[in-house]
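Q: Have a look at the structure that comes next, please.
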Amino acid sequence: MEKINLKGLWLEELEELLGKSGEKKYKSRQIAKWIYNKGVRSFEQMTDISRELRRKLSEIAYIDRLQLVKKKTSQIDKTEKFLFKLFDGKNIETVLMRDKERVTVCVSTQVGCALHCIFCATGKMGYERNLSAGEIVDQIICVKEHLEENEKITNVVIMGMGEPLLNYDNTIKAIKIIRSELGLSISAKKITLSTAGIVPGIYRLAEEGLKIKLALSLNAPSDGLRKKFMPVAKKYPLLKILEALKYYARINDVRITFEYILIRDINDSEEQAKDLAKLVRGIPCKINLIPYNPIRNCPFKKPDEETLLKFRDILYPRAPAVTLRKSKGEDIQAACGQLKGDM
Ligand code: SF4
């Protein structure tokens, strides 16, 4: 009989497995805690579980683990980028960012991405496959082992390789594990999922009751311009996306984050700043302005400092909250849109 990988199974599935082996279901909670909260690699380490159950488990199951291939550290801001190999030989990247008290892990949800945004290195890879819930969660468990003494992960952003709402079920299960006290124990308020604007996925997510934060990768104040560098905009117009976001904000009582990558002479004019402010009017939100991070084979450039500041100053206070973000890990290609699974 083929052994089952426990990494990625959540309580109901663990209960089912235990039930089939004639064990009490409540033990699923102990096992989940060992796998996700304590991040153990073997059944031997589960010391509060009987020897007999550990033996049974090792006969029918195993705990998979991502393999760390390479790690790079930014000389500028201590951002770290991890290259992990999956069981089938494919690679993904995960990023650890530090900002004062905040320690954030940016996780991937797919190998590659089908959406082909032209400013994004992942988009240039094309889509290879979805990650399992275990592979999503394991990125955090593995990164945890590389923290400095007294450091702990405070935030998780689901913004790495892939469109999370196109790997819906596995992403939702991973979020449940990340939020749970038996899992990574990170509160919903500290988890942000970023989408390119998959409208049905936004409505579905709103109904899950997870209350995590939601970000839209917006990047243009009009459909015309957005379609030029985000092909998904042809399927989901801004009007529909904004309706879905308002619904999400209302149902979950959260602010929406709009991410706007600023590209020189493309979307950084004063007019576009005003249009952007108009677009988000009436939505409880904040806008993150992100200066474009160069990638290979893409002609775009970052706007100069003066343009960046002017854009921000037009936007605020027309829009309720605006941050001009500093790119993290730019020198190691760990910044937004630079992940491509082969460092
Ligand atoms: S920006 Fe996000 S949605 Fe667009 S191609 Fe890159 S990973 Fe996919």
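Q: Name every residue in region 69-85 that is in a strand (DSSP E or B) and of a type outside the set (Phe, Trp, Tyr), in order of residue number.
A: VAL69, LYS70, LYS71, LYS72, THR73, GLU80, LYS81, LEU83, LYS85
Q: What residue, among those in region 318-343 that are out of contact with any helix residue (DSSP H, G or I) (no Cβ under 6 Å at 6 or more places or on another chain) and of a type in the set (A, V, I, L, M, F, W, C), is nearest to the ligand (Cβ to nearest atom)?
A: The selected residue is CYS336.
Q: While we're here: So which residues in region 197-212 are in contact (Cβ under 8 Å) with a residue 40 or more places away in the chain and in a helix (DSSP H, G or I)?
A: Correct list: VAL199, ILE202, TYR203, LEU205, ALA206, GLU207.
Q: Scan region 143-169 residue by residue and report those that are in a helix (DSSP H, G or I), more than 16 Å from the ligand (Cβ to nearest atom) and either farther than 20 Å from TYR36 by Cβ or not basic (Lys, Arg) (or both).
A: Passing the criteria: VAL143, ASP169.
Q: Return yes or no: is SER132 within 25 Å of GLN45 (Cα to Cα), open to solvent by 20 Å² or more (accessible area, probe 1.4 Å) and under 15 Å from the mean Cα position of the chain (by Cα)?
A: Details: within 25 Å of GLN45 (Cα to Cα): yes; open to solvent by 20 Å² or more (accessible area, probe 1.4 Å): yes; under 15 Å from the mean Cα position of the chain (by Cα): yes.
It is true that SER132 is within 25 Å of GLN45 (Cα to Cα), open to solvent by 20 Å² or more (accessible area, probe 1.4 Å) and under 15 Å from the mean Cα position of the chain (by Cα).
Q: Listed residues LYS90, LYS56, LYS85, LYS70; which is closer than 19 Å to GLU2 by Cβ and of a type outside the set (Asp, Glu)?
A: LYS56
Q: Which of the residues belonging to region 31-41 are at pLDDT 95 or above and surrounded by fewer than 16 Cβ atoms within 10 Å (Cβ to Cβ)?
A: LYS38
Q: To continue, here is another question. Could you tell me which of the residues ALA215, ALA249, ALA220 is in contact (Cβ under 8 Å) with a residue 12 or more places away in the chain, within 14 Å of PHE311 (Cβ to Cβ) and of a type in the set (Gly, Ala, Ser)?
A: The match here is ALA220.
Q: Please specify each residue of region 86-128 satisfying the condition of being in a loop (DSSP other than H, G, I, E, B) and among the polar types (S, T, N, Q).
A: Matches in region 86-128: SER108, THR109.
Q: THR171 versus (1) within 14 Å of the chain's Cα centre (by Cα); (2) surrounded by fewer than 22 Cβ atoms within 10 Å (Cβ to Cβ); (3) more than 16 Å from ASN252 (Cα to Cα): which is the lone unmet condition?
A: (2) is the only condition that THR171 fails.
Q: Of all residues in region 170-196 being free of Cβ contacts under 8 Å to residues at least 60 places away in the same chain and among the β-branched types (Val, Ile, Thr), which is farthest from the ligand (Cβ to nearest atom)?
A: ILE186
Q: If you don't mind, there's one more thing I want to ask. Would it be correct to say that VAL137 is of a type outside the set (Phe, Trp, Tyr) and either in contact with a Pro (Cβ under 7 Å, 6 or more places away or on another chain) or away from the ligand (no atom under 16 Å from the Cβ) (or both)?
A: Yes, satisfied.
Q: Can you pull out the residues in region 83-123 that are away from the ligand (no atom under 16 Å from the Cβ) and of a type in the set (Phe, Trp, Tyr)?
A: Listed by number, the residues that qualify are PHE84, PHE87.
Q: Also: Among the candidates LEU115, LEU83, single out the residue that is open to solvent by less than 20 Å² (accessible area, probe 1.4 Å), of a type in the set (A, V, I, L, M) and modelled with pLDDT of 95 or more.
A: Testing whether each residue is open to solvent by less than 20 Å² (accessible area, probe 1.4 Å), of a type in the set (A, V, I, L, M) and modelled with pLDDT of 95 or more leaves just LEU83.
Q: Another question, if that's okay. How many residues are part of a loop (DSSP other than H, G, I, E, B) and open to solvent by less than 70 Å² (accessible area, probe 1.4 Å) when one looks only at region 244-281?
A: 7
Q: Checking the conditions here, which among LYS286, LYS278, LYS274 is under 20 Å from the mean Cα position of the chain (by Cα), closer than 22 Å to LYS310 by Cβ and either among the charged types (D, E, K, R) or within 16 Å of the ligand (Cβ to nearest atom) (or both)?
A: Details: LYS278 fails: under 20 Å from the mean Cα position of the chain (by Cα); LYS274 fails: under 20 Å from the mean Cα position of the chain (by Cα).
One residue alone meets the criteria, LYS286.
The values are calculated or read from the model by the stated rules, or taken from the named source; none is laboratory data. Just so you know, these numbers come straight off a predicted model, no measurement behind them. Here Cβ is always computed from backbone atoms with ideal geometry, including for glycine, and neighbour counts include all displayed protein chains. We work out accessible area using only protein heavy atoms, side chains counted, and drop any ligands, DNA or RNA first. Shrake-Rupley method; radii C 1.70, N 1.55, O 1.52, S 1.80 Å.
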